[in-house]
Amino acid sequence: MEQKLTFKDWLIATRPWSFTASAMSVIVVLVYQQWLTGGVDWLNGVLAVVGIILFHAAGNTWSDYCDYTSGVDTVEGAYAVPTLTSGQFNPKQIRSLALALLVAGCGVGLYLLLTTGLTLLWIGLGGIFCALCYPPLKYRALGDAVILAAYCLLPSIGASYVAVGEIDWRVLLAALPVGLLVDSILHSNNTRDMTTDRKAKIQTMAMGMGIKWSIALYIFEQLFPYVWVIALIPFGVFPWISAIVIFVMKMGVQNCRTMREFKEEGDSAKIAMLDQRSAQSQMLFAIVLSLSLLLDMLLR
């Protein structure tokens, strides 16, 4: 007899704890756009946040479905997502959930398209491509590129477009550091999973770079965002108060120290929780950067 699934089960299957990565990427851009221009359509902005979360949830579940059906995630895998490996859901259910979430995300996008303009269509198609093609591209060492597109480039220009009616490319200056921190989540995961990914006969960028350079890239992605903000303050890209991001840099430094403990593939347990801590670092950085922009606007 099949286990009766509750709404909570379906919600957990989407991995809602990961949504801060996508939501904060858009929120930072919206706040930065408000700081730049003084005028943002916040209804469209809120809908943009909802849309990116739906696309994120669709991407999560689609990736879980592909990882399971392709043999990347197995019952024996120590860090495999248990949604399917535990038998709680069957592949068809997760596939249907992923497609339903994608349709819902497209529905939000269609509304925004009708209230803004055709430019959003191409951005939305890019988002659909990232959600559906992430698994096969991840297996070919292109996952990091997709993540930067899905959580930096596309949501940034999309949020800018729906917020002010045109693409303001300056928002990428705020989106880049947040996007790098998002990619550090994936990169720490792929570094940890080198052994299991090799057994599954897939290739990630971490595997191609090797342990030494994977650690170096992770350290760059965790610490460069702080350098970026501080370095651009004198040029007026960020207000002086944004220097407060330096006070939350401690978590990034701690994450880098943890990553440096990874000496060989058998050390995966040492960085087992680093993806979660990387997500926390991204969220904290994005919140503090957003608050600094809001404080500057209040103090003007």
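Structural remarks
- Search result, residues across region 228-275 that are small (Gly, Ala, Ser), part of a loop (DSSP other than H, G, I, E, B) and modelled with pLDDT of 95 or more: Gly236
- Residue match in region 145-166 (condition: assigned to a helix (DSSP H, G or I), of a type in the set (A, V, I, L, M), touching a residue at least 60 places away in the same chain (Cβ under 8 Å) and within 16 Å of Ala286 (Cα to Cα)): yes
- Flag for Asp67 being charged (D, E, K, R), part of a helix (DSSP H, G or I) and either open to solvent by 40 Å² or more (accessible area, probe 1.4 Å) or within 24 Å of Lys199 (Cβ to Cβ) (or both): yes
- Set side by side, the residues Gly236, Gly208 differ, and just one is surrounded by fewer than 15 Cβ atoms within 10 Å (Cβ to Cβ), out of contact with any strand residue (DSSP E or B) (no Cβ under 6 Å at 6 or more places or on another chain), on the phi > 0 side of the Ramachandran plot and not aromatic (Phe, Trp, Tyr), which is Gly236.
- Given (1) crowded, with 23+ Cβ neighbours inside 10 Å; (2) within 20 Å of the chain's Cα centre (by Cα); (3) touching a residue at least 60 places away in the same chain (Cβ under 8 Å), index of the condition Asn189 fails: (1)
- Scan of region 212-233 for residues that are open to solvent by less than 20 Å² (accessible area, probe 1.4 Å) and over 24 Å from Gln276 (Cβ atoms), ordered by number: Ile233
- Condition check for Leu43: farther than 30 Å from Ala200 by Cα, part of a helix (DSSP H, G or I), open to solvent by 40 Å² or more (accessible area, probe 1.4 Å) and touching a helix residue (DSSP H, G or I) at 6+ places or on another chain (Cβ under 7 Å): no
- Residues that are within 20 Å of Leu289 (Cβ to Cβ) and either in contact with a strand residue (DSSP E or B) (Cβ under 8 Å, 6 or more places away or on another chain) or among the charged types (D, E, K, R) (or both), drawn from region 211-232: Glu221
- Residue within region 96-112 that is over 21 Å from the mean Cα position of the chain (by Cα), more than 28 Å from Phe285 (Cα to Cα) and in contact (Cβ under 8 Å) with a residue 24 or more places away in the chain present: yes
- Pairs are defined by a Cβ separation below 6 Å, a sequence spacing of at least 6 or placement on different chains, a first member in region 252-267 that is more than 18 Å from Asp183 (Cβ to Cβ), and a second member that is at pLDDT 95 or above and not in a helix (DSSP H, G or I); no pair meets this definition.
- Qualifying residues in region 199-212 (those that are of a type outside the set (A, V, I, L, M) and without any contact (Cβ under 8 Å) to a residue 60 or more places away in the chain) - the one farthest from Lys263 (Cα to Cα): Lys201
- Restricting attention to region 122-145 and to residues that are open to solvent by 60 Å² or more (accessible area, probe 1.4 Å) and farther than 19 Å from Val182 by Cα, the residue that is modelled with the lowest pLDDT turns out to be Arg140.
- Where Ala80 falls short, out of the listed (1) over 30 Å from Pro239 (Cα atoms); (2) modelled with pLDDT under 90; (3) open to solvent by 30 Å² or more (accessible area, probe 1.4 Å): (3)
- Being modelled with pLDDT of 95 or more and open to solvent by less than 30 Å² (accessible area, probe 1.4 Å) is a property that holds for Leu293.
The values are calculated or read from the model by the stated rules, or taken from the named source; none is laboratory data. Predicted model, so just to flag it, every value in this text is computed and none were measured. Because the Cβ atoms are built from the backbone with ideal geometry, glycine has one as well, and the counts that use them run over all protein chains shown. To get the accessible areas, we keep the full protein, side chains included, count just its heavy atoms, and leave off ligands, DNA and RNA. Shrake-Rupley method; radii C 1.70, N 1.55, O 1.52, S 1.80 Å.
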